[in-house]
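Student: Mind having a look at this structure? Questions to follow.
The values are calculated or read from the model by the stated rules, or taken from the named source; none is laboratory data. Bear in mind that the values here come from a model prediction, so they are computed numbers and not experimental data. Neighbour counts run over all protein chains shown; Cβ positions are idealised from the backbone, glycine included.
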Amino acid sequence: MRPQGLFVLRYHWLSLISILALASCTAQPLPQVERTTETMIGEIDPAGWMVSSTYASPDGRRLAYVIEQNGKQFVVLDGKEGKRYDGIGDHSSFFSPDSRRMTYSAMQYGVWYMVIDGQEIGPYRAVEAPVFSPDSQRVAYKILLEQGTAVVADGVNGKVYDGVISHSILFSPDSRHVAFIAREETPNGDGVMFVVVDGKEGARHELIGENSLTFSPDGRHVVYRAFDNEMQFAVLDGKEQRHYEGVNTINPAFSPDSQHLAYFAERDGSQFLVMDGKEGPPHKKIFSPTPQFSPDGKRVAYIVEEQEEKYYAVVDGAAGKSYNEIASFNVTFSADGAHYAYVARHNGKQFLVVDGKELTGYDGVGTQSPFFSPDGRHVAYYAMTGGKLFAVVDSVAQKHYAAIGKRSPLFSPDSLHTAYRARLGDSSVVVVDGREQNIYDLVLSEITFLSSNEIQYFAVKDNKVYRVNSRI
């Protein structure tokens with residue numbers, strides 16, 4: 001059984017950072033925050049505010065959240081209240097990738113509507129959260145009709161099926177193609193699954209792996225994991241690849257340049273990497289869910305669990321040092337692919353391993369770490385010692401906080417600055433280059449660098465919502 005990490009993961013929704021300079025980097029003086037401006041965009045009623053439904057747009061400039069009032073729910077966008085409904089559906093976000101569009105599902109009088117840019121579409125018996133294409137021009141979502149289930153893409157209802165697998169709708173990176181997994185009943189009651197790409201149905205299979213449907217980065221290829229006759233295999237552009245044993249080991253991944261396809265497979269009790277159809281060395285168990293390519297596509301890595309209390313990383317085909325545990329599910333590469341890192345545990349301490357070098361050990365190091373800076377010269381992780389959470393910057397421990405915002409640290413585009421939100425008692429504060437800014441009741445959103453010298457975020461103070469801009 002895989003041992004549990006020492007880091008208490010109840011803090012996983014908030015991340016604590018440190019920035020560690022690599023060998024070639026030296027510490028820089030910390031600049032002061034020059035000017036902070038607050039713009040009030042609305043007021044909230046704490047009793048009716050549905051905090052979990054609060055979303056900032058990808059560019060950090062817009063804010064939307066749901067309010068429940070007098071038995072009705074409505075979306076507030078940039079401080080403006082929308083139409084009242086009996087209910088608003090659950091979503092992972094309301095905004096399109098370019099932050100210009102917004103869509104959500106809403107229920108009124110027992111039926112559901114999709115609200116896209118303020119326009120209601122429906123009614124439907126039920127709907128699933130919508131999906132935007134990467135270019136933000138297209139929207140697709142699953143609907144339930146009396147006859148069955150269908151996918152609506154670009155405002156057009158598709159063919160009705162016995163079922164469409166939840167959350168399987170996927171646009172290609174170039175936004176030209178849309179795919180999903182459909183289900184068809186069979187006389188024996190088992191049913192079959194198949195992939196539908198741009199309305200064209202693929203081969204029927206007993207089962208298609210959850211979350212395995214993947215487009216190549218250039219949008220020209222599609223792959224997924226299928227099961228038939230107790231064997232599993234990848235299906236690339238409609239062609240079955242070699243069949244293997246095991247369950248759930250095949251989760252295909254394309255290289256960033258779309259030139260390579262890799263996945264893990266199993267045979268005779270051993271698991272191994274399959275790269276472009278060629279099998280790598282056998283392992284007892286591969287811990288990573290998918291192979292991890294470097295951003296330049298030239299390197300690949302994964303984590304192996306060879307036996308209990310014996311884990312190691314494989315990078316570029318070479319096995320690294322064994323540890324009692326590797327807490328990271330996979331290796332993280334820097335943007336230029338030159339560096340890699342993961343979190344390991346040995347002899348009761350957790351530490352970051354960067355390019356094979358072990359850094360300072362702590363009681364715990366967060367598995368969401370590490371985060372490399374854009375230039376690859378700094379790496380960030382969050383740690384805990386003696387029950388205290390703190391950031392370490394250039395090997396110097398910063399102030400202790402109850403928690404720090406998820407997806408932290410956030411580096412500026414030029415890699416010279418960092419920012420994160422933190423919990424300070426009953427209040428929240430944003431920390432820029434190690435210095436605290438204004439204190440608020442709550443910092444709502446993650447921080448966005450509008451430029452290398454300006455950040456923006458949303459915060460609440462005395463039940464008022466502010467857009468906060470700070471120049472560094």
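Student: For the list (1) of a type outside the set (Ser, Thr, Tyr); (2) over 30 Å from His417 (Cα atoms); (3) surrounded by 12 or more Cβ atoms within 10 Å (Cβ to Cβ), I need the number of the one condition that Lys80 fails.
Tutor: (3)
Student: How many of the residues making up the range 233-248 are under 27 Å from Lys284 (Cα atoms) and surrounded by fewer than 22 Cβ atoms within 10 Å (Cβ to Cβ)?
Tutor: We begin by selecting, within the range 233-248, every residue under 27 Å from Lys284 (Cα atoms); these are 233-236, 240-248.
With the extra rule that they be surrounded by fewer than 22 Cβ atoms within 10 Å (Cβ to Cβ), the set shrinks to 233, 236, 240-248.
Residues in the range 233-248 being under 27 Å from Lys284 (Cα atoms) and surrounded by fewer than 22 Cβ atoms within 10 Å (Cβ to Cβ): 11 in total.
Student: A further question follows. Restricting to the range 194-236, give me the number of residues that are part of a loop (DSSP other than H, G, I, E, B) and of a type in the set (S, T, N, Q). Please lay out each step first, then the result.
Tutor: First, pick out the residues of the range 194-236 that are part of a loop (DSSP other than H, G, I, E, B): 198-199, 202-204, 206, 209-213, 216-221, 229-230.
When the remaining residues are screened for being of a type in the set (S, T, N, Q), the result is 211-212, 216, 229.
The total comes to 4.
Student: Only one of these is modelled with pLDDT of 90 or more and in contact with a Gly (Cβ under 8 Å, 6 or more places away or on another chain): Val343, Val393. Name it. Working first, answer last.
Tutor: On the way: Val393 fails: modelled with pLDDT of 90 or more.
Within the list Val343, Val393, the selection yields Val343.
Student: Given the residues Lys406, Lys388, which is the only one that is over 21 Å from the mean Cα position of the chain (by Cα) and among the charged types (D, E, K, R)?
Tutor: Details: Lys406 fails: over 21 Å from the mean Cα position of the chain (by Cα).
Just a single option satisfies the conditions, and that option is Lys388.
Student: Hey, can you tell me all the residues within the range 376-413 that are closer than 25 Å to Ala335 by Cα and assigned to a loop (DSSP other than H, G, I, E, B)? Lay out the reasoning, then the answer.
Tutor: Step one: of the range 376-413, the residues closer than 25 Å to Ala335 by Cα are 376-383, 391-396, 404-413.
If the condition is that a residue be closer than 25 Å to Ala335 by Cα and assigned to a loop (DSSP other than H, G, I, E, B), then Gly376, Arg377, Tyr381, Asp394, Ser395, Lys406, Arg407, Ser408, Pro409, Ser412, Pro413 are the ones that fit.
Student: Just to be sure I understand, how many residues within the range 414-450 are in contact with a Phe, Trp or Tyr (Cβ under 8 Å, 6 or more places away or on another chain), under 29 Å from Ala335 (Cβ atoms) and of a type in the set (S, T, N, Q)?
Tutor: 3
Student: Identify all residues within the range 128-144 that are part of a loop (DSSP other than H, G, I, E, B), touching a strand residue (DSSP E or B) at 6+ places or on another chain (Cβ under 7 Å) and surrounded by fewer than 21 Cβ atoms within 10 Å (Cβ to Cβ); write none if there are none. Steps first, please.
Tutor: Within the range 128-144, the subset part of a loop (DSSP other than H, G, I, E, B) is 128-130, 133-138.
If we keep only those that are touching a strand residue (DSSP E or B) at 6+ places or on another chain (Cβ under 7 Å) as well, we get 128-130, 133-134, 138.
Result: Ala129, Pro134, Arg138.
Student: Keeping to the range 221-230, report how many residues are exposed (fewer than 15 other Cβ atoms within 10 Å of the Cβ) and either of a type in the set (Asp, Glu) or at pLDDT 95 or above (or both).
Tutor: Residues of the range 221-230 that are exposed (fewer than 15 other Cβ atoms within 10 Å of the Cβ), as a first pass: 229-230.
From what's left, either of a type in the set (Asp, Glu) or at pLDDT 95 or above (or both): 230.
Going through the range 221-230 one residue at a time, the tally reaches 1.
Student: Next question. Out of Val152, Val160, Val139, which single residue is more than 30 Å from Ala253 (Cβ to Cβ) and either touching a Pro at 6+ places or on another chain (Cβ under 6 Å) or of a type in the set (A, V, I, L, M) (or both)? Spell out how you get there, then give the answer.
Tutor: Numbers: Val152 fails: more than 30 Å from Ala253 (Cβ to Cβ); Val139 fails: more than 30 Å from Ala253 (Cβ to Cβ).
Selected residue: Val160, the only one of Val152, Val160, Val139 that is more than 30 Å from Ala253 (Cβ to Cβ) and either touching a Pro at 6+ places or on another chain (Cβ under 6 Å) or of a type in the set (A, V, I, L, M) (or both).
Student: Sticking with this one: Being of a type in the set (A, V, I, L, M), under 23 Å from Ile44 (Cα atoms) and under 23 Å from the mean Cα position of the chain (by Cα) is the filter here; which residues of the range 418-441 pass it? Write out each step before concluding.
Tutor: Kept after step one, since they are of a type in the set (A, V, I, L, M), are these residues of the range 418-441: 419, 422, 424, 429-432, 439.
Applying the additional criterion that residues be under 23 Å from Ile44 (Cα atoms) yields 422, 424, 429-430, 439.
Residues satisfying the conditions are Ala422, Val430.
Student: For Asp268, all conditions in the list (1) modelled with pLDDT of 95 or more; (2) over 20 Å from Glu210 (Cβ atoms) hold save one; what is the number of the exception?
Tutor: (1)
Student: Which of the following residues is among the hydroxyl-bearing types (Ser, Thr, Tyr) and surrounded by fewer than 20 Cβ atoms within 10 Å (Cβ to Cβ): Ser412, Ser395? Walk me through how you get there before you give the answer.
Tutor: Details: Ser412 fails: surrounded by fewer than 20 Cβ atoms within 10 Å (Cβ to Cβ).
Of Ser412, Ser395, the one residue that is among the hydroxyl-bearing types (Ser, Thr, Tyr) and surrounded by fewer than 20 Cβ atoms within 10 Å (Cβ to Cβ) is Ser395.
Student: Still on this structure, I have one more. If I go through the range 295-331 residue by residue, how many of them are of a type in the set (Lys, Arg) and closer than 23 Å to Asp257 by Cα?
Tutor: Taking the range 295-331 first, the residues of a type in the set (Lys, Arg) are 298-299, 310, 321.
Adding the requirement that they be closer than 23 Å to Asp257 by Cα leaves 298-299.
Of the residues in that region, 2 qualify.
Student: Can you name every residue in the range 56-77 that is among the polar types (S, T, N, Q) and surrounded by 19 or more Cβ atoms within 10 Å (Cβ to Cβ)? Quick ask: steps written out before the conclusion?
Tutor: So the first thing to find is which residues in the range 56-77 are among the polar types (S, T, N, Q), and the list is 57, 69-70, 73.
Selection gives Ser57, Gln73.
Student: I'd like the residue in the range 437-472 that is over 25 Å from Asp426 (Cβ atoms) and assigned to a loop (DSSP other than H, G, I, E, B) and, out of all such residues, is modelled with the lowest pLDDT.
Tutor: Only one residue fits best here, namely Ile472.
Student: Which residues, counting only those in the range 302-322, are touching a residue at least 24 places away in the same chain (Cβ under 8 Å) and either aromatic (Phe, Trp, Tyr) or touching an Asp or Glu at 6+ places or on another chain (Cβ under 6 Å) (or both)?
Tutor: Across the range 302-322, the qualifying residues are Tyr302, Tyr311.
Student: Can you find a residue that is surrounded by 19 or more Cβ atoms within 10 Å (Cβ to Cβ) and not in a strand (DSSP E or B) anywhere in the range 104-125?
Tutor: no
Student: Okay, next question. Search the range 356-389 for residues being of a type in the set (D, E, K, R), touching a residue at least 24 places away in the same chain (Cβ under 8 Å) and closer than 24 Å to Phe293 by Cβ, and hand back the single one that is surrounded by the fewest Cβ atoms within 10 Å (Cβ to Cβ).
Tutor: If we take residues in the range 356-389 being of a type in the set (D, E, K, R), touching a residue at least 24 places away in the same chain (Cβ under 8 Å) and closer than 24 Å to Phe293 by Cβ, then Asp375 is surrounded by the fewest Cβ atoms within 10 Å (Cβ to Cβ).
Student: Being assigned to a strand (DSSP E or B) and surrounded by fewer than 22 Cβ atoms within 10 Å (Cβ to Cβ) is the filter here, so list the residues in the range 415-426 that pass it. Walk me through it before giving the result.
Tutor: Pass one, the range 415-426, residues assigned to a strand (DSSP E or B): 418-424.
Matches in the range 415-426: Arg423, Leu424.
Student: Now for a different question. How do the pairs read when you match residues in the range 191-216 that are closer than 14 Å to Phe233 by Cβ with residues anywhere that are of a type in the set (S, T, N, Q) and in a strand (DSSP E or B), using Cβ under 9 Å and keeping only pairs 6 or more apart or on different chains?
Tutor: Final answer for the pair search is Leu207/Gln232; Gly209/Gln232.
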